[in-house]
1. Any residue in segment 124-135 that is under 13 Å from residue 101 (Cα atoms) sitting within a Cβ distance under 9 Å of a residue that is surrounded by 14 or more Cβ atoms within 10 Å (Cβ to Cβ) and among the hydroxyl-bearing types (Ser, Thr, Tyr)? List the pairs, counting only those 6 or more apart or interchain.
2. With free of Cβ contacts under 8 Å to residues at least 60 places away in the same chain and within 26 Å of the chain's Cα centre (by Cα) as the only criterion, which of 226, 255 stands out?
3. Going by the conditions given, is residue 406 in the same structural domain as residue 223 (by TED's automatic domain parsing) and at positive phi?
4. When the residues of segment 355-368 are filtered to those that are within 21 Å of residue 68 (Cβ to Cβ) and at pLDDT below 90, which remaining residue is surrounded by the fewest Cβ atoms within 10 Å (Cβ to Cβ)?
5. For segment 409-427, which residues satisfy the criterion of being free of Cβ contacts under 8 Å to residues at least 60 places away in the same chain and buried (at least 16 other Cβ atoms within 10 Å of the Cβ)?
6. Looking only at segment 302-322, which residues are of a type in the set (Ser, Thr, Tyr) and either in contact with a strand residue (DSSP E or B) (Cβ under 7 Å, 6 or more places away or on another chain) or surrounded by 22 or more Cβ atoms within 10 Å (Cβ to Cβ) (or both)?
7. Being closer than 16 Å to residue 242 by Cα and surrounded by fewer than 21 Cβ atoms within 10 Å (Cβ to Cβ), is that true of even one residue in segment 208-217?
8. Would you point out which residue out of 365, 415, 332, 350 is assigned by TED's automatic domain parsing to the domain that holds residue 61, part of a helix (DSSP H, G or I) and either more than 17 Å from the chain's Cα centre (by Cα) or among the hydroxyl-bearing types (Ser, Thr, Tyr) (or both)?
Amino acid sequence: MTMDRRTVLKSVGGLSGAVAMAGCSVQENGGSDGSGGSDGSSGTDAADGSTEAAGGTGTAWYSLSESELAIREEVISTYNEGSANEIDGSDISDLQQKTRSAIPAGEGPHVFDWAHDWAGNIYEQEFVVDQSDQVSVELDQFSEVARNAAQYEGNLVGLPYGAETITPIVNTDIVDSVPETVDEMAAMIEEYHDPDNGVYGLSFPFADGYFTSPWLHAFGGHVFDPSADEPLGVNHSETVRGLEFMLENFVPYMPNDPTYEPQAAAFNEGNAAFAINGPWSLATFNDNDLDYEVISYPEMSDGTPSPYTGIQVWYFAAAMDDGGDDAAAARDFVEWYVTNEDHLRQLAEDLGSIPVLNSLVGSSDLPEQVQAFSESVDQGRPMPSSPRMDGVWEPVKSALTRAFNGDQGAQEAMDAAAEQIRSNWDD
């Protein structure tokens, strides 16, 4: 999937103490007691977070913003210091392209991190492998949506660690009260829009099917739903109605560039009354000392906003099939990462990450903004993991951009997207 939803975070601190505490539960153990796998592989005891180390070096790839990267490196360092294993982590600028070229050549990582919607495509291309007979964690530790997202056609292609979606965010320095309905929110967006003084009503990355999904789905439409009688619904009247709603109620009150960074910058700099964005944006808000409130979607008189939701997954790449200590080390790291409550709780506090570990899901100890995002996850629908979704994103992005710029009307733009998507599938 191509989107820029994780690119503008700035450096944040505050994780070191909790990560250090998390590291206390990683016990160095060569596995000589035989309690690991029969081949000497490592395993994680989900009850106490302890691990058994094989002494191998696993490789992990990810593509993160600056603040996320600092935290990820801290976490990997903590794991390496507390285990006989070692993880060699790399931040990859174009993870999708890199995995597509490196894994078939036998040069890819053991594990890599991305949202669940890649699952079908990368399994069909044999970039990832089933590890259901290798992992030591029990899947019922995770929410139903999360454990389903980590599987494709019954194959366990990774382990989940967090959920994410987009939801409205209110700049409380500008807006006096939180809207209770979508109609009220739209009226406020218009009221506070003051471009002559550098203030916009809304910061909203419009040129992205992920970000526009709440409204494309709001009136009963769908972009692509493999379970529907007509899976491709991008140009159905209900979906087009959602686009028309945004063109009327949102677009006139936004910065004139629909892409992620210019839109996000308006709110990040305190110059927008509302934003629609995800939990990855909170670190920047905090770094900029913004006063804000994250809310779930307000009630809508004639529809129901329903955003796409994603589950963050550590995928098991094809290199895991080689077995041995290096693969065991990578698996051990992933099992530790996805079950360590201290680490996951701190990610929630510092980055707004939504836990999917059942022991943390819905916890009253989580920050209020994470609880609001969690409610929006409940209102949403998982992104399709079908391989066919890979041919959907770019045509929808182009259609949204044309509609935003006034080059085409909503129906015409979405008709063109549907034609291009079908052509992509035929190819």
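1. 127/99; 127/315
2. Details: 226 fails: free of Cβ contacts under 8 Å to residues at least 60 places away in the same chain.
When all the criteria are applied, what remains is 255.
3. Details: in the same structural domain as residue 223 (by TED's automatic domain parsing): yes; at positive phi: yes.
Here the answer is yes, as residue 406 does meet what is asked.
4. Quick first cut of segment 355-368, residues within 21 Å of residue 68 (Cβ to Cβ) only: 355-357, 360, 366-367.
From the residues that got through so far, the ones that are at pLDDT below 90 too are 366-367.
Values: 366: 20, 367: 16.
Looking at the filtered set, the residue picked out is 367.
5. Filtering segment 409-427 down to residues free of Cβ contacts under 8 Å to residues at least 60 places away in the same chain leaves 409, 412, 416, 419-420, 423-427.
416, 420 - these are the residues of segment 409-427 that are free of Cβ contacts under 8 Å to residues at least 60 places away in the same chain and buried (at least 16 other Cβ atoms within 10 Å of the Cβ).
6. Here is the first cut: in segment 302-322, the ones of a type in the set (Ser, Thr, Tyr) are 304, 306, 308-309, 315.
Answer for segment 302-322, where residues must be of a type in the set (Ser, Thr, Tyr) and either in contact with a strand residue (DSSP E or B) (Cβ under 7 Å, 6 or more places away or on another chain) or surrounded by 22 or more Cβ atoms within 10 Å (Cβ to Cβ) (or both): 306, 308, 309, 315.
7. Within segment 208-217, the first condition is being closer than 16 Å to residue 242 by Cα, and the residues that meet it are 208-217.
Next cut, surrounded by fewer than 21 Cβ atoms within 10 Å (Cβ to Cβ) only: none.
Among the residues of segment 208-217, not one is closer than 16 Å to residue 242 by Cα and surrounded by fewer than 21 Cβ atoms within 10 Å (Cβ to Cβ), which makes the answer no.
8. On the way: 365 fails: part of a helix (DSSP H, G or I); 415 fails: assigned by TED's automatic domain parsing to the domain that holds residue 61; 350 fails: either more than 17 Å from the chain's Cα centre (by Cα) or among the hydroxyl-bearing types (Ser, Thr, Tyr) (or both).
Residue meeting the stated conditions: 332.
The values are calculated or read from the model by the stated rules, or taken from the named source; none is laboratory data. Just so you know, these numbers come straight off a predicted model, no measurement behind them. Every residue, glycine among them, receives a Cβ derived from its backbone with ideal geometry; neighbour counts consider all protein chains shown.
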